[in-house]
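Quick note: the coordinates plus some simple rules give every number you see, no bench work behind them. On a predicted model such as this, the values are computed, not experimentally measured, just so you know. Virtual Cβ from ideal backbone geometry, glycine too; neighbours counted across all protein chains shown.
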Amino acid sequence: MHVEGIRSICRQLKGVTEDIKWQHDLVFSIGGKMFCALALDESPVSASFKVRDEEFEEMSHWPGFKPAPYVAKHKWVLAEDITKMKKADWKKYLEQSYALVKEKLPNKTKKQLGLT
């Protein structure tokens with residue numbers, strides 16, 4: 001998978017915004033809350049995303065994965081090379097990260113975004 005593939009998956013999710021943060025990270029958010037960040041200045045490109053609590057420990061020890069810097073306490077993992085994961089897996093984990101973040105949004109925000 002490459003940046004455009006990840007961008008395509010994220011853009012298909014309702015209410016998603018994308019922007020550049022910290023001068024070089026492509027960030028996808030729902031209701032102002034991030035659910036995926038790609039480090040575009042790294043080679044290979046890496047990506048961080050939220051996972052379920054019960055998946056975090058296991059995924060953090062997969063080859064090419066580790067707890068995401070700064071956000072590991074919120075159960076985010078870092079995929080050190082986005083090309084190492086299949087499209088179907090990216091779709092699964094990006095949709096899951098989106099859902100986990102969306103679930104925590106205030107009802108008012110969900111309503112404003114048409115997510116209720």
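Among the residues of the range 1-27, which ones are in contact (Cβ under 8 Å) with a residue 24 or more places away in the chain and either closer than 14 Å to LEU100 by Cβ or buried (at least 18 other Cβ atoms within 10 Å of the Cβ) (or both)?
Within the range 1-27, MET1, ILE6, ILE9, CYS10, LEU13, VAL16 meet the criteria.
Every residue in the range 28-50 that is surrounded by fewer than 19 Cβ atoms within 10 Å (Cβ to Cβ), over 23 Å from THR116 (Cβ atoms) and in contact with a helix residue (DSSP H, G or I) (Cβ under 8 Å, 6 or more places away or on another chain), please.
LEU40, PRO44, listed by residue number.
When only residues in the range 84-103 that are small (Gly, Ala, Ser) and without any contact (Cβ under 8 Å) to a residue 40 or more places away in the chain count, which is nearest to PHE56 (Cα to Cα)? Outline the logic, then answer.
Narrowing the range 84-103 to residues small (Gly, Ala, Ser): 88, 97, 99.
Checking the rest, the ones that are also without any contact (Cβ under 8 Å) to a residue 40 or more places away in the chain come to 88, 99.
Working: ALA88: 19, ALA99: 16 Å.
If we take residues in the range 84-103 being small (Gly, Ala, Ser) and without any contact (Cβ under 8 Å) to a residue 40 or more places away in the chain, then ALA99 is nearest to PHE56 (Cα to Cα).
Residues of the range 74-99 being surrounded by fewer than 18 Cβ atoms within 10 Å (Cβ to Cβ) and under 18 Å from THR17 (Cβ atoms), which ones?
GLU95, ALA99 - these are the residues of the range 74-99 that are surrounded by fewer than 18 Cβ atoms within 10 Å (Cβ to Cβ) and under 18 Å from THR17 (Cβ atoms).
Please work out if GLU103 is within 21 Å of LEU13 (Cβ to Cβ), exposed (fewer than 13 other Cβ atoms within 10 Å of the Cβ) and charged (D, E, K, R).
Considered against the rule, which asks whether it is within 21 Å of LEU13 (Cβ to Cβ), exposed (fewer than 13 other Cβ atoms within 10 Å of the Cβ) and charged (D, E, K, R), GLU103 comes out as yes.
Given the condition under 11 Å from the mean Cα position of the chain (by Cα) and assigned to a helix (DSSP H, G or I), answer yes or no: does some residue in the range 35-53 qualify?
No, the range 35-53 has no match at all.
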